[in-house]
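**Student:** Sharing a structure below in structure tokens format, with a few things to ask.
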Amino acid sequence: MRTEPYPLTAIVDIITRTIAKMQGAALEAGAFADLSMRQITCLDLIAHLEEPTATELARMLQVTKPTVSALLAKLVQNGYVRKERSPTD
């Protein structure tokens, strides 16, 4: 039996891995099983931002604009989002 406490970094690592496994299992079993974590994160941002642009999404996701365009194309293709031209563009 262990008598010394675990280092905080080890505890955080265990918790992080456990949560990732739980999220993965939930996604595989749920209605969004066909989405990647990046696509889910993108959907979450779209839901929380007011009419985000591809540039805003790229900045928030810390990816390039072409990467966001590909993400959005897949989300549009699967019916999760629709793209609309901004009246202010």
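**Student:** Conditions: (1) open to solvent by less than 60 Å² (accessible area, probe 1.4 Å); (2) on the phi > 0 side of the Ramachandran plot. Gln62 meets all but one. Number of the miss?
**Tutor:** So Gln62 meets the others, but not (1).
**Student:** Name the residues in segment 29-53 that are of a type in the set (Asp, Glu) and surrounded by 10 or more Cβ atoms within 10 Å (Cβ to Cβ), would you?
**Tutor:** Let us first name the residues in segment 29-53 that are of a type in the set (Asp, Glu), namely 34, 44, 50-51.
Scanning segment 29-53 gives Asp34, Asp44, Glu51.
**Student:** Which of the numbered conditions does Asn78 fail, given that it passes all the others? Conditions: (1) surrounded by 14 or more Cβ atoms within 10 Å (Cβ to Cβ); (2) touching a residue at least 24 places away in the same chain (Cβ under 8 Å).
**Tutor:** Just one mismatch for Asn78, condition (1).
**Student:** Separate question: Could you list, in sequence order, the residues of segment 3-26 that are open to solvent by less than 100 Å² (accessible area, probe 1.4 Å) and outside any helix (DSSP H, G or I)?
**Tutor:** So the first thing to find is which residues in segment 3-26 are open to solvent by less than 100 Å² (accessible area, probe 1.4 Å), and the list is 7, 10-16, 18-20, 23-26.
Pro7, the sole residue that qualifies.
**Student:** I need every pair where a residue in segment 30-58 that is under 14 Å from Ser69 (Cα atoms) and in a helix (DSSP H, G or I) has its Cβ under 8 Å from the Cβ of a residue that is at pLDDT 90 or above and open to solvent by 60 Å² or more (accessible area, probe 1.4 Å), sequence separation at least 6 or different chains.
**Tutor:** Partner pairs satisfying both residue conditions: Gln39/Lys74; Ala54/Lys65; Thr55/Lys65; Ala58/Thr64; Ala58/Lys65.
The values are calculated or read from the model by the stated rules, or taken from the named source; none is laboratory data. Note that the coordinates shown come from a computational prediction; the quantities given were computed from them, not determined experimentally. Heads up, the Cβs are rebuilt from the backbone with ideal geometry, glycines too, and the neighbour counts pull from every protein chain shown. The protein model used for the area step is the full one, side chains on, heavy atoms only, and it has no ligands, DNA or RNA in it. Shrake-Rupley method; radii C 1.70, N 1.55, O 1.52, S 1.80 Å.
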